[in-house]
1. Do any helices (runs of 4 or more DSSP H) entirely within the range 166-214 hold 2 or more residues that are of a type in the set (S, T, N, Q) and either out of contact with any strand residue (DSSP E or B) (no Cβ under 8 Å at 6 or more places or on another chain) or within 16 Å of T144 (Cα to Cα) (or both), and if so, which?
2. Condition test on P162, is it under 18 Å from I184 (Cα atoms) and either free of Cβ contacts under 8 Å to residues at least 40 places away in the same chain or part of a loop (DSSP other than H, G, I, E, B) (or both)?
3. Might you check whether a residue that is within 13 Å of the chain's Cα centre (by Cα), closer than 21 Å to I153 by Cα and at pLDDT below 95 occurs anywhere in the range 90-113?
4. Within the set of pairs 6+ apart or on separate chains, which have a first residue in the range 171-191 that is under 14 Å from K219 (Cα atoms), a second that is outside any helix (DSSP H, G or I), and C-beta atoms under 6 Å apart?
5. Given the conditions (1) surrounded by 16 or more Cβ atoms within 10 Å (Cβ to Cβ); (2) of a type in the set (K, R); (3) out of contact with any helix residue (DSSP H, G or I) (no Cβ under 9 Å at 6 or more places or on another chain), which single one is not true for K29?
6. Please find, within the range 189-214, the residue that is surrounded by the most Cβ atoms within 10 Å (Cβ to Cβ) out of those that are within 12 Å of L171 (Cα to Cα) and of a type in the set (D, E, K, R).
7. Does the range 159-166 include one or more residues that are outside the structural domain of P90 (by TED's automatic domain parsing) and among the aliphatic types (A, V, I, L, M)?
8. Return the only residue of L99, L154, L106, L132 being surrounded by 18 or more Cβ atoms within 10 Å (Cβ to Cβ) and touching a Pro at 6+ places or on another chain (Cβ under 7 Å).
Amino acid sequence: MQSALTGQDEPIYCSQQIKIPPQLPDMLKKFTKAAIRTQPTDLLQWSYAYFDALSQGEQPPIKERLELPPPAENILSIGLLKILNKQLRPIDTIKKSLLLEKWKNLNLSREKLAELCNLGNFQNEFKWLEFLCLACSDLSPNLTETMKIACSILTKDEEGGPDRIIFSLFLDLYRYLASFDDSIDNRYVDNVIQQLEPEVEKSDGLIGPRHFTGPISPKLSPEF
């Protein structure tokens with residue numbers, strides 16, 4: 001068929017000519033479910049990050065389940081930290097530029113990122129778990145609650161389980177966070193660890209919030 005403007009033959013598009021990849025419906029279904037579960041505050045940026053991650057064979061920025069209430073725009077939450085942990089923990093030592101990219105994809109506050117980096121004196125490269133610790137502390141009123149959040153993010157237990165992590169990992173996180181609290185000295189930390197060890201041994205070397213939040217459990221900080 002000739003175009004009235006160009007006088008040249010142009011293709012006629014009809015339903016028979018449009019070939020839809022057989023994977024597309026399932027791909028869009030998964031995308032829709034992921035978007036509903038994650039509730040991104042910047043859908044366009046998140047969608048780009050989602051499909052880019054899939055194309056690179058990387059972990060997309062998806063929450064495990066819907067977070068209620070959904071976090072406000074630019075505000076960090078446990079669900080968003082879980083996303084970042086899935087994406088960055090396998091790397092161990094991360095570049096600040098990579099964290100900034102993942103942070104931006106979740107539409108989080110750059111001011112908050114700068115604040116956390118300044119607090120931890122994080123430069124171009126740093127340990128992901130150290131950053132995660134400080135990010136958890138930003139969501140909690142005290143050290144005990146911070147460690148509970150860290151356990152919930154790092155655990156391999158199923159949702160609703162005891163949120164246990166390996167004791168050696170717990171010790172690294174606890175010592176690191178305690179170093180920011182002037183009320184906690186090394187002797188206090190060592191005493192807490194000595195009290196925790198017998199109970200942890202009974203749990204196959206795993207520790208969860210029940211070990212440090214019970215009425216007779218050692219207090220992770222003297223002010224709690």
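The values are calculated or read from the model by the stated rules, or taken from the named source; none is laboratory data. Note that the structure is a prediction, hence the values are computed from the model and not measured. Every residue, glycine as well, gets a Cβ built from its backbone with ideal geometry; the counts of neighbours run over all protein chains shown.
1. Because the criterion is at least 2 residues that are of a type in the set (S, T, N, Q) and either out of contact with any strand residue (DSSP E or B) (no Cβ under 8 Å at 6 or more places or on another chain) or within 16 Å of T144 (Cα to Cα) (or both), the helices (runs of 4 or more DSSP H) in the range 166-214 that meet it are 186-202.
2. no
3. Yes: the range 90-113 contains one or more residues that are within 13 Å of the chain's Cα centre (by Cα), closer than 21 Å to I153 by Cα and at pLDDT below 95.
4. Pairs found: A178/I184; S183/P222; S183/E223; I184/S221.
5. Failed condition: (1).
6. Filtering the range 189-214 for residues that are within 12 Å of L171 (Cα to Cα) and of a type in the set (D, E, K, R), the one surrounded by the most Cβ atoms within 10 Å (Cβ to Cβ) comes out as E197.
7. Yes.
8. The unique qualifying residue is L106.
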